[in-house]
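Input: a single structure, listed below in structure tokens.
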Amino acid sequence: MGPALEALGNDDELYRQLLELFCNEWQDFGQMFRADLVRGDMAVVKRHAHGLKSNAGSVGAIRLQGLAAELEQCAKCAGGESALVPLEAELRLVLDAARDYLDGGGTN
């Protein structure tokens, strides 16, 4: 996550705010994505995958960003469930790391 902090001019407070927003917005992504799939609303599925891709890049979660890009491509083909499993695992890691950073006062 270091390059993301550097991109923000090493403004730790701004980065912490960004991480808090990220955690709040994406903690239920898997449930939200599956519900969108069940409804068959592929435009919303694609939009959510794209949003996660963008936000992951903003917090420096490059692997998650790549997995979200894969999910976005799968959503274009009316799929996505198979790409969701590795993304959810990575998202949990990123959320845990972000919460550790926030709990540690930005010392990670």
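The values are calculated or read from the model by the stated rules, or taken from the named source; none is laboratory data. Just so it is clear, the structure is predicted and the values come from calculations on it, not from any experiment. In this analysis, Cβ positions are derived from the backbone assuming ideal geometry, glycine residues included, and neighbour counts consider all displayed protein chains.
Data for the structure
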| item | result |
| --- | --- |
| Hits in the stretch 6-31 (condition: of a type in the set (A, V, I, L, M) and within 15 Å of residue 56 (Cβ to Cβ)) | 7, 18, 19, 21 |
| Where residue 1 falls short, out of the listed (1) under 17 Å from residue 98 (Cβ atoms); (2) at pLDDT below 95; (3) surrounded by fewer than 16 Cβ atoms within 10 Å (Cβ to Cβ) | (3) |
| Qualifying residue in the stretch 65-82 (condition: crowded, with 19+ Cβ neighbours inside 10 Å and under 20 Å from residue 104 (Cβ atoms)) | no |
| Residue 52 crowded, with 19+ Cβ neighbours inside 10 Å, modelled with pLDDT of 95 or more and not in a loop (DSSP other than H, G, I, E, B) | yes |
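Table: residues versus (1) of a type in the set (Val, Ile, Thr); (2) within 21 Å of residue 3 (Cβ to Cβ); (3) outside any helix (DSSP H, G or I); (4) free of Cβ contacts under 8 Å to residues at least 60 places away in the same chain.
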{"residue": "16", "(1), (2), (3), (4)": "no, yes, no, no"}
{"residue": "33", "(1), (2), (3), (4)": "no, no, no, yes"}
{"residue": "43", "(1), (2), (3), (4)": "no, no, no, yes"}
{"residue": "66", "(1), (2), (3), (4)": "no, yes, no, yes"}
